[in-house]
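These notes concern the structure reproduced below.
The values are calculated or read from the model by the stated rules, or taken from the named source; none is laboratory data. For clarity, every value in this text was computed on a predicted model and none was experimentally measured. Every residue, glycine as well, gets a Cβ built from its backbone with ideal geometry; the counts of neighbours run over all protein chains shown.
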Amino acid sequence: MPQLVVSTFPSQLLWLAITFVVLYVLMSRLALPRVGNIILARRNQIDGDLEKASAMKAEAEAVIAAYERALAAARQSAQGVLKETGDRLAAAAAERHKLLADKLAAETAIAEKRIVEAKSAALNDLKSVAAEVARTAVGKLTGETVDDGVVATAINRAVGEHG
Amino acid sequence: MAARENPLAQFIIRPLVPIHIGGVDISFTNSALLMVIAGLVLTVLMLAASRRAALVPGRWQSLPEMLYEFVAKSLIDDNIGPEGQRYFPFVFTLFMFVLLGNLLGLIPYSFTFTSHIIVTFGMAIFIFIAVTLIGIARHGFRFLTLFVPHGVPKPLLILLVPIEVLSYCIRPLTLSIRLFANMLAGHTMLVIFAGFVVPLASFYLVPALFPILIDVLLYFLELLVAVLQAFVFAILTCLYLNDAIHLH
């Protein structure tokens, strides 16, 4: 059995020691730190990226919140402006309405006064015509002149009776 | 080949560069050649593949990274804990050296240096001595409590302590024989079945296909054994280190 040939043992042990020690030094000094650094760098990069992503997400959420706040404020101020304008317009309309109504009332009053005046003037004209007619008629019928005062009293009574 | 080859002939140590110093034969042999090749393969694998440190590793770059993380996590962290990271380079070198020794030996006409008891014993005795020294350096005389099992009635200790001491002391033997015997048996079987092919084929061609089929299946089994035994060798080293560091 070749495994039991003791004369080959020194050579096998020596070359085992040489190759293993060289390999150990290469691995521990060179290869493993390098691979370890690559893995570490990748882990750091991923952690950093995740951190950055979460920071960006928070930032985006803050921006959205600010946007929504601004939107709400704008909506509120728009509603304020709308209400104010409506009130102002309503007030102006009411004022104009009142002015117009006053003007119309004043004109109506003036017109009514004129009518009353015209009516009384017409009545006075009627009275004098009626007195003339009455005096002439009495003169023709009776041949008497009637006193002006009597005629006026009679006419006034007649007008008072008929309105 | 005229006659059937001796299944053990594949294990013969052949000097390639004869060196004799003071009557001791330290020739550069086929065994030493495979050790050097294993070292070169591992060095190239670890250094060349990690030369361009890409953030997203390619196929070749991810191989050393996977090996690194496998040894760092599955072997060291899970079996020893954070204190074990000091021994990470050693366990990594050991695991990869044995793994490559086993795998390169499966290449036809190459040589399996892990099939020699002196090589596996050399590694095992080194581990045994190192682990014992680490244990004594860390715990002093308290290291001897490793041989006293917990929660055992006092009278039983008279029986159990010698058993613990014995099982501790035969660790280099069990560790080295497990690997050596697995390699020896597997490679011997491969050659024995291969030896049936030519004699059978000289009579009937079709029956000669059966030993070939068996060899193909055995080869896959041996690939599994090569990886598994390297893993077992490394994980036992980790468990021994754990004993020395934590005393159970």
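Annotations
- Taking the listed residues B:Leu16, B:Leu33, B:Leu45, B:Leu67, the one that is surrounded by 16 or more Cβ atoms within 10 Å (Cβ to Cβ) and within 14 Å of B:Phe113 (Cβ to Cβ) is B:Leu33, with no other qualifying.
- Among the conditions (1) more than 10 Å from chain A (Cβ to nearest Cβ); (2) without any contact (Cβ under 8 Å) to a residue 40 or more places away in the chain, the only one that B:Gly84 does not satisfy is (2).
- Subset of segment A:1-18 (residues that are out of contact with any strand residue (DSSP E or B) (no Cβ under 6 Å at 6 or more places or on another chain), within 7 Å of chain B (Cβ to nearest Cβ) and closer than 17 Å to B:Ile125 by Cβ): A:Gln3, A:Phe9, A:Gln12, A:Leu13, A:Leu14, A:Trp15, A:Leu16
- Filtered residue count, segment B:40-81, keeping only those that are under 22 Å from B:Gly101 (Cα atoms) and touching a residue at least 60 places away in the same chain (Cβ under 8 Å): 4
- Inter-residue pairs, beta-carbon under 8 Å, first facing chain A (nearest Cβ under 7 Å) and farther than 20 Å from A:Leu4 by Cα and in segment B:12-29, second surrounded by 11 or more Cβ atoms within 10 Å (Cβ to Cβ) and of a type outside the set (D, E, K, R), 6+ apart: none
- Taken as a whole, the condition of being more than 14 Å from chain B (Cβ to nearest Cβ) and either within 30 Å of B:Thr43 (Cβ to Cβ) or exposed (fewer than 15 other Cβ atoms within 10 Å of the Cβ) (or both) applies to A:Leu99.
- B:Gly58 under 23 Å from A:Thr19 (Cα atoms) and more than 23 Å from the chain's Cα centre (by Cα): no
- Being among the hydroxyl-bearing types (Ser, Thr, Tyr), outside any loop (DSSP other than H, G, I, E, B) and under 24 Å from B:Ser110 (Cα atoms) is a property that B:Ser167 lacks.
- Single residue of segment B:106-134 satisfying the filter (among the small types (Gly, Ala, Ser) and either more than 9 Å from chain A (Cβ to nearest Cβ) or part of a loop (DSSP other than H, G, I, E, B) (or both)) that is surrounded by the most Cβ atoms within 10 Å (Cβ to Cβ): B:Ala124
- When A:Glu144 is tested against (1) at pLDDT 85 or above; (2) among the charged types (D, E, K, R); (3) not in a helix (DSSP H, G or I), exactly one condition is not met: (1).
- Segment B:30-78, subset charged (D, E, K, R) and part of a helix (DSSP H, G or I), residue farthest from the other protein chains (Cβ to nearest Cβ): B:Asp78
- Test: residue in segment B:148-156 that is modelled with pLDDT of 90 or more and closer than 25 Å to B:Cys238 by Cα: no
- Residues that are surrounded by 13 or more Cβ atoms within 10 Å (Cβ to Cβ) and within 12 Å of B:Leu236 (Cα to Cα) within segment B:162-183 comprise B:Arg171, B:Pro172, B:Leu175, B:Ser176, B:Arg178, B:Leu179, listed in sequence order.
- Within segment A:19-63, the set of residues being farther than 27 Å from B:Gly39 by Cβ, within 9 Å of chain B (Cβ to nearest Cβ) and of a type in the set (Lys, Arg) comprises just one member, A:Arg42.
- The set of residues from segment B:207-248 being acidic (Asp, Glu) and free of Cβ contacts under 8 Å to residues at least 40 places away in the same chain comprises just one member, B:Asp215.
- Here A:Gly36 fits the description: over 60 Å from the mean Cα position of the chain (by Cα), assigned to a helix (DSSP H, G or I) and not hydrophobic (A, V, I, L, M, F, W, C).
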